[in-house]
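Colleague: I'd like to ask you about the structure that follows.
Bear in mind these aren't lab numbers, they're just calculated from the coordinates by the rules spelled out. Since we're looking at a predicted model, the values are computed, not measured. Methodologically, a virtual Cβ is constructed for each residue, glycine included, from the backbone with ideal geometry; neighbour enumeration extends over all protein chains shown.
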């Protein structure tokens, strides 16, 4: 593990704190500004990688439109020299079309884990998000719940 100055660690922690704060406030432009040059957003369940501020802005704008009460609850944070890991839950009520799925009116709550990497100037380079896509689709009623034994 490489060493990183306390100044850089503090700056990276602030960048992630700001990112989470702007995400929960649905402040789209401020959220996008937490990323540095050439940002990436990785949706691990689908293996999609969004590249660039415009793609990230569109993604979050669609989330906030589809789930107007979108929320994020961070429960743990782990800091390393080259990344920060955040875990918790996110959710909201599916009130408008999202990802091609017509509004269901259903509430969702899904655990997640996000790995943030950084630019040399301590801004967010990438957000790599892991969550259970199957459970999300189940909660939306798009796929049936499996029978319980």
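Colleague: Exposure proxy check: 119, 34 ranked by fewest other beta carbons within 10 Å? Present the calculation step by step, with values, prior to reporting the outcome.
Modeller: Working: 119 16, 34 22.
In increasing order of surrounding Cβ atoms, one gets 119, 34.
Colleague: Please give the length that would be gained between residue 21 and residue 102 if that part of the chain were fully extended, namely 0.36 nm times their separation in residues minus their C-alpha to C-alpha distance (nm, one decimal). Show your work: numbers first, answer last.
Modeller: Numbers: separation 81, 0.36 × 81 = 29.16 nm, distance 2.79 nm.
Between residue 21 and residue 102, full extension yields 26.4 nm more.
Colleague: Expressed as a whole number of Å, what is the distance separating the alpha-carbon centroids of region 76-96 and region 108-139?
Modeller: 6
Colleague: Please compute the length gained on full extension between residue 11 and residue 38, using 0.36 nm multiplied by the number of residues separating them and subtracting their Cα-Cα distance.
Modeller: Details: separation 27, 0.36 × 27 = 9.72 nm, distance 1.86 nm.
Once the chain is fully extended between residue 11 and residue 38, it gains 7.9 nm.
Colleague: If the label point is 7 Å along Cα→Cβ of residue 77, which residues in region 98-116 have backbone nitrogen under 16 Å from it?
Modeller: From region 98-116, the list is 113-116.
Colleague: Let me ask something else about it. With semi-axes √(5λ) of the Cα gyration tensor in Å defined as stated, name the option among (1) 30, 21, 17; (2) 29, 17, 13; (3) 33, 13, 12 computed from the structure displayed.
Modeller: Only one listed value fits the structure, namely (2).
Colleague: On to the next question. In degrees, nearest 10, range 0 to 90: what is the angle between the Cα axis of helix 53-66 and the longest Cα principal axis of the chain?
Modeller: 40
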